[in-house]
Amino acid sequence: MSNQSIIFFDIDGTLLDFDKKLPESTKKAVFELKARGHEVAIATGRAPFMFDDIRQELEIDTYVSYNGQYVVLRGKVIYTNPLNKDALLQLTQTALEQNNPLVYMDAEDMRASVPEEDEMITTSIHTLKVSKFPTYDPLYHQGREIYQCLLFCIGDAEKKYEQDFKSFDFIRWHPMSVDVLPAGGSKAHGIAKITEQLGFPQERQYAFGDGLNDVEMLKQIYNSVAMGNAEPEAKAVARHITKSVDENGILHGLQMVGLLD
């Protein structure tokens, strides 16, 4: 363990470039890390079913998904933190009154609160370039463990929700959409579930990210690396800043922190 480290990678804007492609240099770097005996994991806001292909391509079976609410270690679920059901019912009612669509997401699928193909849902989810798209089921949240919702609103409309729903955190990931998470839930919290179980000391923990939902992770992980394309808030808390994702940023960052030559 003394020579082994664990490295967590965000997906969008970190592993994947702006065209949602995996740079060849990144793929080679990940396999080189594993060849050297390091543990490689993913830490993402995406649902598990939204990055099956990436896990298979990189042969990764340890991940933090839903921004820390659904954690898998070597193929086994070790931690879940679903949204409060009563508060979710109230959120659903408020969003309906405000004409703000919702998408409910559990471990296997996602469903929308509105029947027609909503422009905000279509526009934002299509930017992820995933094959799955939410169909209509306004009661999907009932009787299920929902780990994250997508609330579709523009401007600073989430401010009112933040005031009214203290059991949730609202993190914008797109001009038209906000992640709804359990209050205090974060990638950092999910990562801790893995590092504690594997026994990695803090100086052997690394994390790469770029977004607002990476801030807690980059703040907590001892060897944190913000991408060159990262949000200013992410760069401000990271220990290191590498090149942009489309400039071999992962490879450069791994070399910078001494994990690769």
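Descriptive notes on the structure:
- In region 104-115, the condition of being under 16 Å from G45 (Cβ atoms), part of a loop (DSSP other than H, G, I, E, B) and free of Cβ contacts under 8 Å to residues at least 60 places away in the same chain is met by at least one residue.
- Hey, Y70 crowded, with 20+ Cβ neighbours inside 10 Å and either under 21 Å from L259 (Cβ atoms) or in contact with a Pro (Cβ under 7 Å, 6 or more places away or on another chain) (or both) or not: yes
- Cβ-Cβ under 6 Å pairs, at least 6 apart or on other chains, region 7-31 side among the aromatic types (F, W, Y), far side not in a helix (DSSP H, G or I): F8/A41; F8/A43; F8/A207; F9/L15; F9/I42; F9/F208
- Members of region 216-225 that are outside any loop (DSSP other than H, G, I, E, B) and surrounded by 18 or more Cβ atoms within 10 Å (Cβ to Cβ): E216, M217, L218, Q220, N223, S224, V225
- Each residue in region 95-120 was checked for being surrounded by 15 or more Cβ atoms within 10 Å (Cβ to Cβ) and either within 25 Å of T80 (Cβ to Cβ) or not β-branched (V, I, T) (or both), and 16 pass.
- Answer residue from region 233-261, given it is in contact (Cβ under 8 Å) with a residue 60 or more places away in the chain and more than 22 Å from R204 (Cβ to Cβ) and is most open to solvent (accessible area, probe 1.4 Å) among those: D246
- Some residue of region 44-57 being touching a helix residue (DSSP H, G or I) at 6+ places or on another chain (Cβ under 6 Å), under 20 Å from L15 (Cα atoms), open to solvent by less than 30 Å² (accessible area, probe 1.4 Å) and modelled with pLDDT of 95 or more: no
- The requirement of being in contact with a His (Cβ under 9 Å, 6 or more places away or on another chain), open to solvent by less than 80 Å² (accessible area, probe 1.4 Å), small (G, A, S) and in a helix (DSSP H, G or I) is not satisfied by G228.
The values are calculated or read from the model by the stated rules, or taken from the named source; none is laboratory data. The model shown is predicted, which means the values in this text are computed figures rather than measured ones. Every residue, glycine among them, receives a Cβ derived from its backbone with ideal geometry; neighbour counts consider all protein chains shown. We work out accessible area using only protein heavy atoms, side chains counted, and drop any ligands, DNA or RNA first. Shrake-Rupley method; radii C 1.70, N 1.55, O 1.52, S 1.80 Å.
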